[in-house]
Amino acid sequence: MSKIEIRNVYKIFGDSPSKVLPMVQDGATKEEVLEKTGHTVGLDNVSLSIEEGETFVCMGLSGSGKSTLIRHINRLIDPTSGEVLVEGTNVMDLDQKNLIEFRRHKMSMVFQRFGLFPHKTVIENVGYGLEVQGKTPEERNKIAMEKIESVGLNGFEHQYPNQLSGGMQQRVGLARALATNTNVMLMDEAFSALDPLIRSDMQKQLIDLQSELKKTIVFITHDLDESLRLGDHIGILNGGRLVQVGTPVEIIMNPADDYVKAFVKDVNRAKVLKAKVIMSSTNEANGIDKSNLIKVNEDQFIEEFLPQVVCTNANCEVVDKEGNTKGYITNKELQKSLSKS
Ligand SMILES: Nc1ncnc2c1ncn2[C@@H]1O[C@H](COP(=O)(O)OP(=O)(O)OP(=O)(O)O)[C@@H](O)[C@H]1O
Ligand SMILES: [Mg+2]
């Protein structure tokens, strides 16, 4: 059983969604539905599974349904049809009391537009989730200060949100989500308002945090590089439809359609593909010329050894941490993996 399961979810916005549902189920596109009925298709038959401890990134153009999807997981939005299960519990079965408990203890959320309380200070905002969890003021201030420091906002703890820049407010939102220490974190464009240096810093922090805590993270972004860096799996939405789910490598190497191709076309493959992904096994590489070999670690990114390979016209021997041979990459294969299909 996966941590989060989304099964055949349709979400239609408008006055009579259930009347419009059959038309969507019959295959009408978002544009057709809008034109004929004035209803907006938010999600169109989306099914996916998210495993415990993974970072699942959801990508797609503006309006493709990303926020709508993530908001189903903590039931800020009810589906028109279909099921959302978290740890096996159908979120539609939760009564008011259980839903509140579920949101307090099971998942935290970083909102696309921060969602801070304007009349609370930074430390009160960050500690809010702990307050509703029933923690004492001492406990929550201690944890809140730790998280404020971890997002680089010490000194600002007694300021109000409107005294902060957008990027700083977003970091408050992030600190608040981290403070409650829930198993599931829903992050809607959590880093998008940050400037590149801080953004890259926050990505690094999230990766470090993840390697330790193994939370289940659903992360939304427009940014392909960010999704490749963070995602164990990436799901791509187009007009409410999930057009592809795969590992970063699967998405880059085998884009499902032109829409996904357009997303990945400018990606620097050398930066995101590791040696182990493109190597041939030792058997397959039988005939390889071993007179001029460069040793590379299986987890090295291509860009780290590419210059050397090109300069010396060598082939690569791929080894693991202990130095055992795992496979080979010929000069030719390397060039091929970098060329865009
Ligand atoms: N409350 C609502 N009422 C009506 N339509 C809505 C509502 N929320 C979303 N929609 C529509 O559903 C579609 C998906 O919206 P959503 O906010 O999920 O997109 P998104 O992928 O998060 O976009 P962005 O990248 O701009 O945040 C859009 O066409 C939008 O107009
Ligand atoms: Mg959105």
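I'd like to know if the range 72-85 contains one or more residues that are in the same structural domain as Val260 (by TED's automatic domain parsing) and assigned to a helix (DSSP H, G or I). Break it down stepwise before answering.
At the first step, the residues of the range 72-85 found to be in the same structural domain as Val260 (by TED's automatic domain parsing) are 72-85.
Restricting the remaining residues to those that are assigned to a helix (DSSP H, G or I) gives 72-73.
So far as the range 72-85 goes, yes, one or more of its residues are in the same structural domain as Val260 (by TED's automatic domain parsing) and assigned to a helix (DSSP H, G or I).
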Task: Complete set of residues in the range 52-88 that are away from ligand 1 (no atom under 13 Å from the Cβ) and on the phi > 0 side of the Ramachandran plot - done: Gly53, Arg75, Gly82, Glu87, Gly88
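When the residues of the range 22-41 are narrowed to those that are in a helix (DSSP H, G or I) and away from ligand 1 (no atom under 15 Å from the Cβ), which ends up farthest from the chain's Cα centre (by Cα)? Please lay out each step first, then the result.
So the first thing to find is which residues in the range 22-41 are in a helix (DSSP H, G or I), and the list is 22-25, 30-37.
Next, only the ones that are away from ligand 1 (no atom under 15 Å from the Cβ) stay: 22-23, 25, 36.
Numbers: Pro22: 31, Met23: 31, Gln25: 28, Lys36: 34 Å.
It comes out as Lys36.
Take the residues of the range 297-333 that are within 29 Å of the chain's Cα centre (by Cα) and over 13 Å from Leu273 (Cα atoms): which is surrounded by the most Cβ atoms within 10 Å (Cβ to Cβ)?
Taking the range 297-333 first, the residues within 29 Å of the chain's Cα centre (by Cα) are 297-306, 320-321.
Then drop every residue that is not over 13 Å from Leu273 (Cα atoms), which leaves 320-321.
On the way: Asp320: 12, Lys321: 8.
If we take residues in the range 297-333 being within 29 Å of the chain's Cα centre (by Cα) and over 13 Å from Leu273 (Cα atoms), then Asp320 is surrounded by the most Cβ atoms within 10 Å (Cβ to Cβ).
Identify all residues within the range 125-143 that are in contact (Cβ under 8 Å) with a residue 12 or more places away in the chain and over 15 Å from Met168 (Cα atoms); write none if there are none. Steps first, please.
Quick first cut of the range 125-143, residues in contact (Cβ under 8 Å) with a residue 12 or more places away in the chain only: 125-130, 132-133, 140-141, 143.
Correct list: Gly127, Tyr128, Gly129, Leu130, Val132, Gln133, Arg140, Asn141, Ile143.
Identify, from the list Lys120, Lys147, Lys97, Lys106, the residue that is closer than 12 Å to Ala179 by Cα and either without any contact (Cβ under 8 Å) to a residue 12 or more places away in the chain or out of contact with any Gly (no Cβ under 8 Å at 6 or more places or on another chain) (or both).
Working: Lys120 fails: closer than 12 Å to Ala179 by Cα; Lys97 fails: closer than 12 Å to Ala179 by Cα; Lys106 fails: closer than 12 Å to Ala179 by Cα.
Lys147 is the lone residue from the list that is closer than 12 Å to Ala179 by Cα and either without any contact (Cβ under 8 Å) to a residue 12 or more places away in the chain or out of contact with any Gly (no Cβ under 8 Å at 6 or more places or on another chain) (or both).
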Open item on the list: Taking the criterion of being among the aromatic types (Phe, Trp, Tyr) and either in contact with an Asp or Glu (Cβ under 9 Å, 6 or more places away or on another chain) or more than 11 Å from ligand 1 (Cβ to nearest atom) (or both), would at least one residue in the range 2-17 satisfy it?
Closed with: yes
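So, in the range 246-262, exactly how many residues are surrounded by fewer than 19 Cβ atoms within 10 Å (Cβ to Cβ), under 28 Å from Pro79 (Cα atoms) and not hydroxyl-bearing (Ser, Thr, Tyr)?
Of the residues in the range 246-262, the ones surrounded by fewer than 19 Cβ atoms within 10 Å (Cβ to Cβ) are 246-247, 249-250, 253-254, 256-259, 261-262.
Then keep just the ones that are under 28 Å from Pro79 (Cα atoms); that gives 246-247, 256-257, 259.
From what's left, not hydroxyl-bearing (Ser, Thr, Tyr): 246, 256-257.
Adding up the residues that qualify gives 3.
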Task: Pairs, first free of Cβ contacts under 8 Å to residues at least 40 places away in the same chain in the range 237-258, second among the acidic types (Asp, Glu), C-beta under 8 Å, six or more apart - done: Val243/Asp257; Gln244/Asp257; Thr247/Asp232
Open item on the list: List the helices (runs of 4 or more DSSP H) inside the range 149-258, counting only whole elements, that have at least 2 residues being closer than 30 Å to Leu338 by Cα and of a type in the set (Ser, Thr, Tyr).
Closed with: 196-213
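The values are calculated or read from the model by the stated rules, or taken from the named source; none is laboratory data. Quick caveat: nothing in here was measured; it's all calculated off a predicted structure. Cβ sites come from the backbone with ideal geometry, for glycine too, and all protein chains shown count toward neighbours.
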